[in-house]
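This report refers to the structure that appears directly beneath it.
The values are calculated or read from the model by the stated rules, or taken from the named source; none is laboratory data. The structure displayed is predicted, hence computed values, not measured ones. Here Cβ is always computed from backbone atoms with ideal geometry, including for glycine, and neighbour counts include all displayed protein chains. Only protein heavy atoms, including side chains, enter the accessible area calculation; ligands, DNA and RNA are left aside. Shrake-Rupley method; radii C 1.70, N 1.55, O 1.52, S 1.80 Å.
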Amino acid sequence: MIPMSLAQIADVTGGTVVGDGGIVVDGAATLDSRAVEPGGLFVAIAGEHADGHDFTARAVEAGAAGVLASRDTGVPGVIVPDATRALGVLARHVLDEREDVQVVAMTGSSGKTSVKDLIAHLLAPEGATVATRGNHNNELGVPLTVLQVDELTRFLVVEMGARAIGDIAALCEIAPPDIGMVLNVGLAHVGEFGSADRIAVAKGEMAESTGPDGVVVLNADDPRVSAMVSRTRASVTTFGTTGDVRVGAVRLDDDGSPHFTLSHHGRSVEAHVPLIGDYHAMNAAAAAAAALSLGVDLQTIAARLATADTARSPMRMERHVRADGLVVINDAYNANPQSMAASLRAVAAISRGRGVAVLGPMFELGEQSDAEHRRIGRLAADLGFTRVVVVGAEASAIADGAGDIAELVDDADVATRTLPASLSGDEVVLVKASRGARLERVSQALVQA
């Protein structure tokens, strides 16, 4: 974080200083008292399950210079009416102070985290790059990411999510994009939005929020996304199997990683991403479109794509090989119908009839939930998986769709206890569900068995 005194933070946020206003905050901001960095700012949020104000003393003892809170807890800090709003205001101030930082912001129903990681990987050699950790992409995660910007930062790569119309616009007020990207419109959170068309309205706020001097990157293969060209004053670059940055001749190697051609303005290069799944070719094209807009040449992009990895965002198609040969693909961070189908296809391509899918629920699908879960079960059967282990009653429709190859277990604890002993070591196992299911515990048990 750019060093600021508590008095300066109070002036920016309209808050009141408690204690010594000359105390300087020069470390990262965090909501977790266990993750405090020396000189950092602890932000106390009163949540549904815990109240950060109860942990302010612990945060200061751990090294926080001060707290941003909505009530006085007896430690140095700044008191504001609304800590969430103040956090966003503070983040915007930091960006306003660093006008030379190029902001790349992206949204989409799936693929945001993978594209974000690829863009950060492409830009890092060009200059100090800050990127969203995990998928911290909401009204708290975005400003916390922005506050990692310091005097050396050149690029800020920000993932933005939405649960309602207006969310993306609000996040773009905190981090106005120089490059605004819309990757796709799918069914993630359709239970909250009501329809894919309403999701498109929300995602299109990214195009509207990118200024006339910026660049909007749109998916040429998604009709709802390509139509957003009418919603922006910025220059537009497209990617896809058609568009300005084109993917062609996708083929998978033995590890399931895509090799493909990337073309831009008459030039073509051979590219490879060492990540599992052919969909990473499209993710790479999106990342390339952003990097090209920032002056990185196509040949350099291809060379850097070849060294990408999954270390930045764990539990995203992580490949683990046990000593006896069992392959475990941990993709348990999150799931929606599009990402679930893509992961199943990716694992089917490398499992060669030895695939086992351990699948949990996909949340927030509303009235379409049963139909989408059933469709995923049918897809797993059609792709040739030998077993589909369905975890939890909320995912039971997957078992209905998968038919005779399906097994339904009560919860992740049961799967953790019973599944390792039922595998021979010759299988390729995909573990995937929405985040709330916490199926990474199953993956860990399989790897350690």
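Brief remarks follow.
- Scan of segment 376-393 for residues that are open to solvent by 30 Å² or more (accessible area, probe 1.4 Å) and either in contact with a helix residue (DSSP H, G or I) (Cβ under 8 Å, 6 or more places away or on another chain) or of a type in the set (K, R) (or both), ordered by number: R378, A381, L383, G384, T386, R387
- Hits in segment 351-379 (condition: out of contact with any Lys or Arg (no Cβ under 9 Å at 6 or more places or on another chain), in a helix (DSSP H, G or I) and of a type outside the set (D, E, K, R)): S351, G366, Q368, S369, A371, H373, I376, G377
- Among the residues here, A196 does not qualify as small (G, A, S), surrounded by 22 or more Cβ atoms within 10 Å (Cβ to Cβ) and in contact (Cβ under 8 Å) with a residue 24 or more places away in the chain.
- Residue satisfying condition, being farther than 22 Å from D370 by Cβ and in a helix (DSSP H, G or I), within set A445, A395: A445
- Any hit, segment 305-317, residues being among the hydrophobic types (A, V, I, L, M, F, W, C), assigned to a strand (DSSP E or B) and free of Cβ contacts under 8 Å to residues at least 24 places away in the same chain: no
- Scan of segment 175-197 for residues that are at pLDDT 95 or above and over 18 Å from the mean Cα position of the chain (by Cα), ordered by number: P176, D178
- Cβ-Cβ under 6 Å pairs, at least 6 apart or on other chains, segment 419-436 side under 12 Å from V356 (Cβ atoms), far side open to solvent by 30 Å² or more (accessible area, probe 1.4 Å): P420/A449; G425/D324; G425/G325; D426/R354; E427/R354; V428/R354
- Residue match in segment 18-26 (condition: out of contact with any Ser or Thr (no Cβ under 9 Å at 6 or more places or on another chain) and open to solvent by less than 60 Å² (accessible area, probe 1.4 Å)): no
- Of all residues in segment 399-446, those satisfying the criterion of being of a type in the set (V, I, T) and surrounded by fewer than 17 Cβ atoms within 10 Å (Cβ to Cβ) are V414, T418.
- Enumerated strands (runs of 3 or more DSSP E) restricted to segment 1-104, each holding at least 3 residues that are more than 23 Å from the chain's Cα centre (by Cα) and of a type outside the set (F, W, Y): 16-18, 66-69, 77-79
- Residue among A202, A188, A220, A169 that alone is in contact with an Asp or Glu (Cβ under 9 Å, 6 or more places away or on another chain), of a type in the set (G, A, S) and within 14 Å of A289 (Cβ to Cβ): A220
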